[in-house]
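Have a look at the structure below before the remarks.
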Amino acid sequence: KNATTNPVFTSDLHIKNFTYKKDTVGNISVKVDNETANAFNANVKIEGNGNDVQLAGKYYTGESKMDLQLNIGSLNLATVKPFASTQLKDAGGNLKGNITIAGTLDKPAVNGNVHFENAFIVPTVLGERFTLPNEKIAISSQGINFNKFTLVDSAGNKAIINGDVLTTDFKNYKFAIDLNADDFNLINSTQADNSLFYGKFNTDARIKLSGDMQAPVVDANIRVNKSTAFTLILPTDNPE
C-alpha cells in the first residue's frame with residue numbers, strides 16, 4: 001500500500017515440507033509487516049518433522065532496537081545436521097528453550113536458556129558419539145554459561161564443562177572455561193574420516209581456557225591412557 005509515498009507491506013508466506021539436502025525441516029510460515037511506523041512486526045514458525053520453533057515480536061528500524069521472543073518447543077537435532085554437514089557426522093534428540101532478544105544490533109540483550117533432551121552429536125573431525133542426556137546452557141547479556149555441562153562418551157565416561165563464554169555483542173568473545181574428564185574417549189575415527197589423525201584416543205584431561213578470540217590461552221594437563229590406539233600423521237616434503 002502507498003507504494004509511491006509511504007510504502008506499507010504485509011506478508012503471509014507458507015512453505016510446505018521445506019527440504020535441504022534431502023532432509024525435511026518441516027513447514028515454515030512467515031508473517032511480516034511494517035504497518036506500525038518505523039517497525040517490522042514478525043511471526044516466523046517452523047513446524048513438523050519434530051520441530052516446533054517460533055520467533056515473534058518487533059524490530060524498530062529507527063533505533064535498531066529489538067523486542068523478540070524465541071520459543072523452542074522442540075528442535076529436532078537431526079534436521080540441523082545437513083546445515084552443519086562438514087562439522088557433524090550425525091546428530092539426534094531435541095533442543096528446547098525460551099530466549100528473549102532485546103537491546104540493539106550492536107548491544108543485544110539476550111536472556112534465556114536452552115537444554116538438550118536425549119540428544120547426541122558425532123563431530124566429523126572426532127568420530128566419537130557424545131550423548132547429552134539432559135544438559136542446559138544459560139544465555140544472558142554477559143554471555144553463555146555452562147554449569148556442569150556433561151558430555152558422555154560411547155563407553156559411559158564423562159567430560160564436564162564449567163564456566164563462561166563472555167560477550168556483550170555476540171561477536172567478540174572472552175573465555176573462562178574448565179573441562180575435566182577421566183577415561184574419556186575423545187576421538188574414535190578411521191583414516192577415511194580424517195587422513196591426518198585417526199584411531200581411538202582415550203584421555204584423562206584437565207583443561208582451562210581463558211583469554212579471548214585474538215589471544216586464547218590454554219592450560220592443559222592431558223594423559224594418554226593405555227586403551228589408546230591413535231595415529232598422527234606429520235606431512236612433510238622430505239620423506240626422511
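Quick notes on this structure:
- Subset tally (residues that are assigned to a strand (DSSP E or B) and open to solvent by less than 60 Å² (accessible area, probe 1.4 Å)) for segment 120-137: 8
- Pro235 meets all of the listed conditions (1) touching a Lys or Arg at 6+ places or on another chain (Cβ under 7 Å); (2) not in a strand (DSSP E or B) but one, namely (1).
- Hey, Phe170 part of a loop (DSSP other than H, G, I, E, B), of a type in the set (Phe, Trp, Tyr) and more than 30 Å from Leu232 (Cβ to Cβ) or not: yes
- Reported count of residues in segment 36-48, each being open to solvent by 40 Å² or more (accessible area, probe 1.4 Å) and within 12 Å of Tyr60 (Cα to Cα), is 4.
- Any chance Ala102 is in contact with a Gly (Cβ under 8 Å, 6 or more places away or on another chain) and without any contact (Cβ under 8 Å) to a residue 40 or more places away in the chain: no
- Scanning segment 182-205 for residues that are more than 30 Å from Lys171 (Cβ to Cβ), open to solvent by 40 Å² or more (accessible area, probe 1.4 Å) and in a strand (DSSP E or B) returns Asp182, Asp183, Asn188, Phe197, Tyr198, Lys200, Asp204.
- Failed criterion for Glu117 (all others in (1) assigned to a strand (DSSP E or B); (2) surrounded by 17 or more Cβ atoms within 10 Å (Cβ to Cβ); (3) modelled with pLDDT under 95 hold): (2)
- Test: residue in segment 81-88 that is free of Cβ contacts under 8 Å to residues at least 12 places away in the same chain, open to solvent by less than 40 Å² (accessible area, probe 1.4 Å), closer than 27 Å to Tyr198 by Cβ and within 13 Å of the chain's Cα centre (by Cα): yes
- A search for C-beta distances below 6 Å between a residue of segment 126-148 that is without any contact (Cβ under 8 Å) to a residue 24 or more places away in the chain and under 15 Å from Phe116 (Cβ atoms) and any residue that is among the aromatic types (Phe, Trp, Tyr) and in a strand (DSSP E or B), counting only pairs 6+ apart in sequence or on different chains, returns Thr131/Phe120; Glu135/Phe116; Glu135/Phe149.
- Any chance Ser227 is assigned to a loop (DSSP other than H, G, I, E, B), under 15 Å from Val125 (Cα atoms) and out of contact with any Asp or Glu (no Cβ under 7 Å at 6 or more places or on another chain): no
- Phe197 vs. criteria in contact (Cβ under 8 Å) with a residue 12 or more places away in the chain and closer than 30 Å to Pro235 by Cα: yes
The values are calculated or read from the model by the stated rules, or taken from the named source; none is laboratory data. Not measured: the values here are computed from a predicted model. All Cβ positions, glycine included, derive from the backbone under ideal geometry; neighbour counts span all protein chains shown. Surface accessibility is based on the protein's heavy atoms, side chains included, excluding ligands, DNA and RNA. Shrake-Rupley method; radii C 1.70, N 1.55, O 1.52, S 1.80 Å.
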